[in-house]
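Below is one structure, written out as C-alpha cells, with a few remarks after it.
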Amino acid sequence: MLPVMTPASVVPASKQDGMYPRPQLVRARWADLGGVWGFAHDDDDVGLTEGWYRQEHDFHHEIVVPFPPESAESKIGDTGYHPVVWYRRKLTAQDLADAGHRPGQILVLHLGAVDYHADVWADGQHLVSHEGGHTPFSVAIPEAREGLTIVVRAQDDPFDLSQPRGKQDWEPAPHVIWYDRSTGIWQPVWLESVSSQHVSHLTWRPDAPNAVVSLDLELAHQPTPGAAVRVRVALGDEHLATATFTLARDHDVVAVPIPALHNGQDHERFRWTPESPTLIDATVELLDPAGEVVDTVRSYFGFRTVGTEGGHFLLNGFPYQVRAVLEQGFWPQSHLAAPSADALRAEVEAIKSLGFNTARLHQKIEDPRFMFWADKLGLMVWAELPSTYEFSDTSVRRLTTEWLELLRRDASHPCVTTWVPFNESWGVGNMPANPAHRALTQALYHLTKAFDASRIVISNDGWEHTESDLLTVHDYENDAAVLAESYRDRDSALRALSGLSPNGRRIVVGEGDRSTLFAAPIMLSEFGGVSLDLNRATDSWGYRVVGSAEDLETQLDSLFQAVHSSTALAGWCYTQITDTQQETNGLLDENRVPKLPVETLRAMITGESGGAR
C-alpha cells in the first residue's frame, strides 16, 4: 500500500500555488504532461483510415501543449483552416514517478479541454471519445508503463455552426468582435495515480444558516460493505469538524455539522465576500472496511449566499452593488489558453486592482485555476456558456450536455454567483417568433435551477429574457447624460426597458410572468466599450473610438459617473477588461498594460472620483 499523506503533511487546498489543474479535488502527486508533443494537421481527414493512432506512424511536427496550434506559444502559429489535428507523446519514467504511480495503482489521464471532438488512444488502443470543447474528461490507462504512447485526435470544424464555439471566428481572419480560433488541446493534460477505489468527483453545498455543509461524493465504483468516508473541516488552523460516514453506494451525500456556526454572532468570520474571501479547507479520506485509508483528497469551499429582493442583488442576505467587467479570457500569444498558470492569478489581481468585484466570463468556460484565484482573492464570477450560431436538434443536444458539464465542474466554487446559459440570443436568434427558441432558454433556466437552486440564473443576458432572476440589458449609449437619464431611478429604467432594448430588441419575450421579471433587480450587464486608438488604425473596433488618453479619461469618467448616479441599477458590467485582437475597447491593452493610471481607473470604477451613490 502507498504511504498515506496525512493532513498535516500537505498544503491545504486553499493554500495551493495555483498550478494544480483541478483545484477543488487535489491529490499529493500529479504529473504535468505539458510541453513538446508530436503534432500533425490532417486536412484531408485520412488519419483514422491510415491508422495514425498506431505507434509506427510518425508525426513530423512538434507542438507545445496546451497551447492551441493557431497561437504563437504553440510554436505552430498557423491560423488557417485545419479542422482535424493529431497529437502524440510517449510517457516517461519521470512522468510515472511524478504521478506517484506504483504497482496495483490505476494511472488516470486527464484532459482539461480539447476543442471540439476528441479521441484518445494508448499504444493504439482506443480509450475514450469526448464531445465538447470547453469541459474536462478523464480516462484510465490500461497497463501504464514507461514508453507507452498517448495519441489524441481533435476535430474542430470552423463551419459547424451547431458547436458551442463562443467568439471563435468562422472567417479566415478575426473580424469585429470575433477572434482567432483555438483548435484542439488548450487546457492542461496531466496524470495522477490512484487506488482502484477512489474519489472521482465531489460537490460541496454549504448551508451556514443550518450550520452544516453537504458533500455530494462520487466514487470510482460501488463501495465494499463497511467502507467509509472521513471528512475533516478547518478554517486555517482552527479545527471545525471531523465526521465519519459509512458508504452504501458509489454516489452518496453526507452532511457534516459545523458546530461553530451555531453562534450567530460569529458568522461574519466564516462568510465569503470579495472583501473577505474566507475559504474553508477540507480533507476527504476513503476508508476500507478495516479502517485503512485508500484515498486522500484535499478540497475547499466557501460559506456565502446570493439572492434578490426589493430590486437588489443580495450577498449573504445584504444588498450588494455589483461592479463587474467583461472578461474575454484571450491572450495574444496563446489565445484561449492562458500563457501560464501565473497569468491566471495576474488576471484576477488586475481586475481586483481596478476596483471591480465581479468578472463576467464572456463566451468561454474558463480554466479552473482562474476560478481558484477568484475564490482565493475574492472576485465574484458570472459563468457563461459559449454559444452556438444556429438552432437545431444537434445544437440543443450539444448546448445542454456541455452546460451540465460546466455546472458539475464549477458548482463548488464560491466565486460563482450567476449562471448564464445564453447571451444576446446567439443560437436562438428568432426568440420573438419561434416558441422552440424561447423554450430552450426556459428549459436551461429551469434545468440549472434543478441542479443548483442556490445561484442567480439569467436565461438570455442582454435582452429577450424569458425567465431570469435579474433583468439585464446591454446598452452602449456613449452619451453619458442620456445614459444617466435612462437609469436615473427605477421608474425611468422601467420606462426605458418596457419595450425595445437600446439595440432594438425586445427586453422580454414569450408568455411568462412579465410582472415578476420587471420586479427583478436591474443590471446594465454591458456598457461602455470605449476604444483608444492612438493611430486611428482602420481595423480597430469599439463602440466609441477616442484618439488620446485624455479623451479616454474624460469619456470613462462621465460613463462611470452616470452608472454610479443611478438609484435603479443593482449593478453594472463594463466592456471590457483588455483589448482582444482588433477589439480595442479594453481598459488594459492586450498585454495587460493599463491605458490610464490604475489609481485613476480605480477611482472612476469605485465611484471615488465623483458620482458615487
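Whole number please: convex hull volume per residue of the Cα set in segment 34-187, in Å³?
Dividing the Cα hull volume of segment 34-187 by its residue count gives 110 Å³.
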Q | Förster radius 22 Å - calculated FRET efficiency between W170 and R397 (Cβ-Cβ, nearest 0.05) | A | 0.60
Q) Can you give me the Cα centroid spacing of segment 109-133 and segment 324-380 in angstrom? A) 26
Q) Tell me, what is the FRET efficiency for Y543 and V128 to the nearest 0.05, using R0 = 51 angstrom and their Cβ-Cβ distance as r? A) 0.70
Q.
I'd like the FRET efficiency for E550 and Q321, computed as 1/(1 + (r/R0)^6) with the beta carbon distance as r and R0 of 35 Å, rounded to 0.05.
A. 0.75
Q: In whole Hz, with x marking every Gly and Pro, tabulate ³J(HN,Hα) for segment 358-363 from phi via Karplus 6.51 cos²θ - 1.76 cosθ + 1.60, θ = phi - 60°.
A: 8, 10, 9, 5, 9, 6
Q. Using the Cα gyration tensor of the chain, with a ≥ b ≥ c the square roots of its eigenvalues, what is the shape: rounded (a/c below 1.5), prolate (a/b larger than b/c) or oblate (neither)?
A. oblate
Q. Between rounded, prolate and oblate, where does segment 306-606 land on the alpha carbon gyration tensor, with a ≥ b ≥ c its root eigenvalues, rounded for a/c under 1.5, else prolate if a/b exceeds b/c?
A. rounded
Q. By per-residue mean of other Cβ atoms within 10 Å, what is the highest-first order of 201-209, 218-226, 189-197?
A. 189-197, 201-209, 218-226
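Assign one of three labels to segment 286-330, namely rounded, prolate or oblate, based on the Cα gyration tensor with a ≥ b ≥ c the square roots of its eigenvalues; rounded applies when a/c is under 1.5, prolate when it is not and a/b is larger than b/c, and oblate otherwise.
Oblate shape, in that a/c is at least 1.5 and b/c is the bigger or equal ratio.
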Q. How large is ³J(HN,Hα) for each residue in segment 265-275, as worked out from phi by the Karplus curve 6.51 cos²θ - 1.76 cosθ + 1.60 (θ = phi - 60°), to whole Hz, x for Gly and Pro?
A. 7, 10, 5, 4, 6, 8, 7, 8, 9, x, 7
Q: Compute the distance in nm between two label points, each set 7 Å from the Cα along the Cα-to-Cβ direction, one at D44 and one at R230.
A: 6.2
Q.
For a 23 Å ceiling on Cα separation, which of these pairs sit above it: K90/K364; K364/K449; K352/K595?
A. K90/K364
Q.
Please report the antiparallel percentage of the DSSP beta bridges confined to the chain, to the nearest 5.
A. 75
Q.
Can you give me the distance in nm between label points at L534 and D78, each placed 7 Å from the Cα along the Cα-to-Cβ direction?
A. 3.6
Q. Label points 7 Å out from Cα along the Cβ direction at T244 and T567: separation in nm?
A. 6.1
(Q) Suppose a student asked you for the relative contact order of segment 306-606, using Cα pairs under 8 Å spaced at least 6 residues apart; what percent would you report? (A) 20
Q: Please go through segment 125-174 and write out the chymotrypsin sites (Phe, Trp or Tyr not before Pro) that DSSP classes as loop and that have at most 15 other C-beta atoms within 10 Å.
A: F159, W170
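No lab work stands behind these numbers, since they all come straight from the coordinates. Quick caveat, the model's predicted, so the values are computed rather than measured. Virtual Cβ from ideal backbone geometry, glycine too; neighbours counted across all protein chains shown.
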